[in-house]
2 protein chains.
Amino acid sequence: MVDDTADTRTVALAYVDGLEHRDWSRLTGLLAADVVYEMPQTRERISGRSAFLRFNQEYPGDWHLRARRVVADGRHAALWLDVRVGAEQQDACVWLDVGEQGLIERITDYWPEPYEPPAGREHLAQRW
Amino acid sequence: MVDDTADTRTVALAYVDGLEHRDWSRLTGLLAADVVYEMPQTRERISGRSAFLRFNQEYPGDWHLRARRVVADGRHAALWLDVRVGAEQQDACVWLDVGEQGLIERITDYWPEPYEPPAGREHLAQRW
């Protein structure tokens, strides 16, 4: 029996590592040719491996990724990332869909930004 | 052998269902007494089951949750939620840590908001 979860976890970790090291040939081997990359916050969709790689190659700044957590389950994975560009830090949440061939078919990225909490819950929440 | 992943998946689904149905007694049974709830975007931390339940009981609006995806892996789960308050829709990304007793010990919520994409990637991205 094929252990999809173990394969998906390996692919998810390799995806982060490949991006961090700008290892485009390794990434090419992880991605389906028709991979779809979506950023729901901006309603942007990038279709195809070539466009996805180019998007990352052109992405400005000296960006670095580190996996805070990888959760793999069958052919789905969720990545909780610590992303740094210079002195700036942001967390990201990434959802991966892996196909039958073990290639990433869909990537959905969320880039949550800091905001001020609404009033009315100070009695329950501490801030750090 | 205990199947942590199956138990975690059950707990994660029950967590969403318990919140959606305001089933506070069911939620009480899912949460460790010293559960920690964090919202990194606002740097807010709510400590303890009672405070967490009160936070949800007091949360304004007729909010509804639906799991778009549950990814469970050992004692970690990731929840991709579709959240609605009236006509407003927002996705959320939730990371759960389940303890040895099968209770949720840590909840980390991200509430990514829409934003306009930066210029310079229109040649790669389509918008919807």
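Of all residues being of a type outside the set (D, E, K, R) and more than 10 Å from every other protein chain (Cβ to nearest Cβ) in segment B:57-70, which is most open to solvent (accessible area, probe 1.4 Å)? Just the residue, please. The residue in question is B:Gln57.
Considered as a group, the residues in segment A:1-56 that are in a helix (DSSP H, G or I) and aromatic (Phe, Trp, Tyr) include one that is nearest to A:Val98 (Cα to Cα), and that residue is A:Tyr15.
Are any residues in segment A:78-110 over 19 Å from B:Trp111 (Cα atoms) and touching a Ser or Thr at 6+ places or on another chain (Cβ under 7 Å), and if so, which ones? Listed by number, the list holds a single entry, A:Val98. Cβ-Cβ below 9 Å, separation at least six or inter-chain, first residue in segment B:98-120 and under 15 Å from B:Ala72 (Cα atoms) and open to solvent by less than 50 Å² (accessible area, probe 1.4 Å), second charged (D, E, K, R) and part of a loop (DSSP other than H, G, I, E, B): which pairs? What qualifies is B:Val98/B:Arg75; B:Gly99/B:Arg75; B:Gly102/B:Arg75. Residues in segment A:71-97 that are part of a loop (DSSP other than H, G, I, E, B) and surrounded by 10 or more Cβ atoms within 10 Å (Cβ to Cβ): A:Gly74, A:Arg75. Count, please, the residues in segment A:11-49 that happen to be surrounded by fewer than 17 Cβ atoms within 10 Å (Cβ to Cβ) and hydroxyl-bearing (Ser, Thr, Tyr). Looking only at that region, the number is 3.
The values are calculated or read from the model by the stated rules, or taken from the named source; none is laboratory data. In this text the structure is predicted, and so the values were computed from the model without any measurement. Note: ideal-geometry Cβ built from the backbone for every residue, glycine included; neighbour counts use all protein chains shown. Accessible surface is based on the protein model in full, side chains and every heavy atom, while ligands, DNA and RNA are left aside. Shrake-Rupley method; radii C 1.70, N 1.55, O 1.52, S 1.80 Å.
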